[in-house]
Amino acid sequence: MRKSLLSKAVTAVCATIMCLGVTACGGNSSAKSDKSNSDSSSSSEKIGMHQIAGVTAKGELGKKPTVSFKTPMTVEDNSYVVLQKGDGAQIEDGDRVCSQGIAISVKDGSELASTWEKNTPDCSTVVTSDTSQMTENYYKIFKSLKLNSTVAFGVNDSNSSGTSYLMVLTLVSKSKDLKKATGEKVADIPADLPKVTLAKDGKPSIDMNGYKGSDSLISQDLIKGKGAVVKDTQSVVAHYTGWLLDGTQFDSSWDRGQSSAFSLDSVIKGWKQGLAGHTVGSQVLLVVPPSLGYGNKDQEKIPANSTLVFVVDILAAY
């Protein structure tokens, strides 16, 4: 239950960040709370957002905070308050921000869930001015913050499970997604596999080289990245192109002009098994037999019982 509630809380806040334009600025803990609330109220008026009053946080910056408020309290969706101003690096355009979270009931102040104990921060937020990915208001607020800041968002869940809460996020780390695979080219690639060439921007093209497919999964590094090892429980950001064995392209993030992010639990087995164990920055050639792809069912441009060939650049994992 605790895991599912936290997942729901994080999803609600992330959906707000992406879609509804909540923003936050200013705020601090304990002795400076009055001044910082005044600062953030001025900023919130400019963007028409409601700030939560009466909530404070104590504790070492970047660590799990102790959050206090009088209960019971009511909160509105898309309400916020910055509880602690961080002392770390400034959040910048293009940063992927990781946050530790606590869901706290506004009815009685009880902790409903927390990522701190198992150290499982959510890293799904990318700070970008692209309004298809992040609202302008959220973009402005995240760029105004530093690492180790703590922000509380109100989630009014009275129309569903009846649990309204504060989602308290502490910004603990940041990174930037790669634009394409980076690392060392692999020299000992089997000669009978399809041949991949890259455009200047990194977009792949392929020569099937007479390849007839495989009954088992092929997962071959073409470029070996120097980043973290991907786990099969993670989400991955990738650029990719997919082809049938006859060379017909059926999908490409490169053609869409934007990388894709996805949980490895939500993709075909060939991707989950084929990308786990590789490193961020790598480019991987995947040959996925039907049993690990879409099997005997048609899938848009993919006929039933198709072997699939992909070239995947692993740009980030979280």
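The values are calculated or read from the model by the stated rules, or taken from the named source; none is laboratory data. Note that this is a predicted model, so its numbers are computed, not measured. In this analysis, Cβ positions are derived from the backbone assuming ideal geometry, glycine residues included, and neighbour counts consider all displayed protein chains. Side chains are part of the model used for accessible areas, which takes the heavy atoms of the whole protein and leaves out ligands, DNA and RNA. Shrake-Rupley method; radii C 1.70, N 1.55, O 1.52, S 1.80 Å.
Can you list, largest first and rounded to whole Å, the semi-axes you get for region 207-318 by taking the square root of 5 times each eigenvalue of its Cα gyration tensor?
Values for region 207-318, descending: 22, 14, 14 Å.
Treat region 66-176 as a sphere of radius equal to its Kirkwood radius over Cα pairs and apply Stokes-Einstein at 37 °C in a medium of 0.692 mPa s; give the translational diffusion coefficient in µm²/s, rounded to a whole number.
224
Just the accessible area per residue of region 139-252, please: how many Å² with a 1.4 Å probe?
On the way: 5820 Å² over 114 residues.
Value for region 139-252: 51 Å² per residue.
Compute the distance in nm between two label points, each set 7 Å from the Cα along the Cα-to-Cβ direction, one at Thr233 and one at Asp265.
It is 1.0 nm.
May I ask you to rank Glu111, Glu60 by accessible area, largest first, using a 1.4 Å probe over the protein chains only?
Largest accessible area first, the residues go Glu60, Glu111.
Over region 228-318, what percent of the accessible surface lies on carbon and sulfur atoms, probe 1.4 Å?
About 45 percent, which is the carbon plus sulfur part of the accessible surface.
So how exposed is Asp192, as accessible area in Å² (1.4 Å probe, rounded to 10)?
Rounded to the nearest 10, that gives 100 Å².
Using θ = phi - 60° and the Karplus relation 6.51 cos²θ - 1.76 cosθ + 1.60, list the HN-Hα couplings for region 85-102 in order, rounded to whole Hz, with x at every Gly or Pro.
8, x, 10, x, 5, 5, 6, 10, 4, x, 6, 8, 9, 9, 10, 7, x, 10
Counting only heavy atoms of the protein chains, get the accessible area per residue of region 259-318 (1.4 Å probe) and round it to a whole Å² value.
For region 259-318, the solvent-accessible area averages 39 Å² per residue.
Calculate what fraction, in whole %, of the accessible area of region 95-216 sits on carbon and sulfur atoms when a 1.4 Å probe is rolled over the protein chains.
So the carbon and sulfur contribution to the accessible surface is 48 percent.
Read phi for every residue in region 308-318 and hand back ³J(HN,Hα) as whole Hz from Karplus 6.51 cos²θ - 1.76 cosθ + 1.60, θ = phi - 60°, with x for Gly and Pro.
10, 10, 10, 10, 10, 9, 8, 9, 6, 8, 8
First check a/c for region 219-265, with a ≥ b ≥ c the square roots of the eigenvalues of its C-alpha gyration tensor; if it is under 1.5, answer rounded, and if not, answer prolate when a/b is larger than b/c or oblate otherwise.
prolate
Provide the gained length on full extension for the span Glu92 to Thr197, in nm with one decimal, where the gain is 0.36 nm per separating residue minus the Cα-Cα distance.
Result: 34.5 nm gained on full extension.
Mark the label point 7 Å from the Cα of Ser132 along Cα→Cβ and return the residues of region 245-266 whose backbone N is within less than 15 Å of it.
The answer is 252-261.
Taking the Cβ of Ala181 as the center, what net charge do the other residues with Cβ under 13 Å away carry, scoring Lys and Arg +1 and Asp and Glu -1?
Residues near Ala181 contribute +1 overall.
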